[in-house]
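Structure first, then comments.
The values are calculated or read from the model by the stated rules, or taken from the named source; none is laboratory data. Keep in mind that what you see is a predicted model, and the values were worked out from it rather than measured. Here the Cβ positions follow ideal geometry from the backbone for every residue, glycine too, while neighbour counts run over all protein chains shown. In case anyone asks, the SASA skips ligands and DNA or RNA and just uses the protein heavy atoms, side chains included. Shrake-Rupley method; radii C 1.70, N 1.55, O 1.52, S 1.80 Å.
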Amino acid sequence: MTIVTRRTFLLPYTESLQSEFLMLNCCAKNRAQMNGPHTVSSAKRLFEKVINHEGIYSMAVLDSQTREYMGHLFISQDGDIPELGFIFDKAHWGQGIATETLKAFFPKACRELKLDKVIATANVGHTPSIKLLKKLGFQQVGERRDLHGPYLEFMYSAEQATSGEAGDQTSLVGSLS
């Protein structure tokens, strides 16, 4: 399945995207808000997991004009509650690409995977991710700390979104029911 937005294509991963995935995830600046960069070997292991693990629903984000690799979106179903995650190359920050792609990806993934609850985290003070999660209908439910520092926990509930408890985001995720 491919998802098309105004400026991007969201595609399932293939082996041909490995080098772009590695560069994205080994870059210290790209991963500054995601517990730091991977080594090449750990990024390769992560890529193999993205390609082969049935519990990970992920898509590569490509520029619709140039086909340049822009980022990575995923929902991991390894824990009790599925978790949304995303990372974009620093060259595409501040342009609304994350918002555009996640508004297309997240509702479709929730429908296809039949998800009614999803969690996400963002580092304390990482305003772009916090705002984006709220736009998607997530609500902050806690704050924790790990060895990388403090982070916020967010929860998306299809029930809250369709009942209007997610504020002005009901129209975005209301189609999930």
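Can you show me the helix-derived [θ] at 222 nm for the chain, built from DSSP H runs with n ≥ 4 at -39,500 (n - 2.57) apiece and divided by the number of residues, rounded to the nearest 500.
-9500 deg cm²/dmol
Suppose the chain between Lys131 and Lys90 were pulled fully straight at 0.36 nm per residue; how much longer would it get relative to their current alpha carbon spacing?
The Lys131-Lys90 span can extend by a further 13.0 nm.
Please compute the per residue accessible area over the chain with all protein chains in place, 1.4 Å probe, rounded to a whole number of Å².
52
Which percent of the accessible area of segment 1-110 is formed by carbon and sulfur heavy atoms (probe 1.4 angstrom)? It would help to have the intermediate numbers written out before the result.
Numbers: 2770 of 5310 Å².
Carbon and sulfur atoms account for 52 percent of the accessible area of segment 1-110.
State the label only: which of (1) 30, 27, 12; (2) 35, 19, 14; (3) 24, 19, 16 corresponds to semi-axes √(5λ) of the Cα gyration tensor in Å computed from the shown model?
(3)
Spelling out what I want: for every residue of segment 18-34, take phi, set θ = phi - 60°, compute 6.51 cos²θ - 1.76 cosθ + 1.60 (Karplus), and round to whole Hz; glycine and proline get x.
These are the phi-based 3J(HN,Hα) values: 4, 5, 5, 4, 5, 4, 4, 8, 9, 7, 4, 5, 4, 9, 4, 9, 10 Hz.
Which ³J(HN,Hα) values, rounded to whole Hz and listed in residue order, are derived for segment 121-135 from phi using the Karplus coefficients 6.51, -1.76 and 1.60 in 6.51 cos²θ - 1.76 cosθ + 1.60 with θ = phi - 60°, glycine and proline given as x?
Listing the rounded values in order: 10, 8, 4, 4, x, 8, 3, x, 5, 4, 4, 5, 4, 5, 4 Hz.
Given Phe21, Ala32, Thr66, which one lies farthest toward the positive end of the charge dipole of the chain, if we put +1 on the Cβ of every Lys and Arg and -1 on the Cβ of every Asp and Glu?
Value computed over the given set: Thr66.
Pull up all non-local amide H partners of Tyr13: gap of 5 or more, or a different chain, and H-to-H distance under 5 Å with H placed in the peptide plane.
Those qualifying (amide H under 5 Å, at least 5 residues apart or on another chain) are Ala60.
Go ahead and run the numbers for FRET between Arg144 and Thr14, Cβ-Cβ distance against an R0 of 22 Å, rounding to 0.05.
Working: r = 35 Å, r/R0 = 1.60.
Approximately 0.05, to the nearest 0.05.
Under unit Cβ charges (Lys, Arg +1; Asp, Glu -1), what dipole magnitude, rounded to 20 debye, does the chain have relative to its Cα centre?
400
Please tell me which of these pairs span more than 27 angstrom C-alpha to C-alpha: Lys90/Lys114; Lys44/Lys134; Lys49/Lys108; Lys44/Lys114; Lys108/Lys131?
Where the Cα-Cα span goes over 27 Å, the pairs concerned are Lys90/Lys114; Lys44/Lys134; Lys44/Lys114.
Put +1 on the Cβ of each Lys and Arg and -1 on the Cβ of each Asp and Glu in the chain; which of Gly85, Gly149, Ala98 then has its Cα farthest toward the positive end of the dipole?
The one lying farthest along the dipole's positive direction is Ala98.
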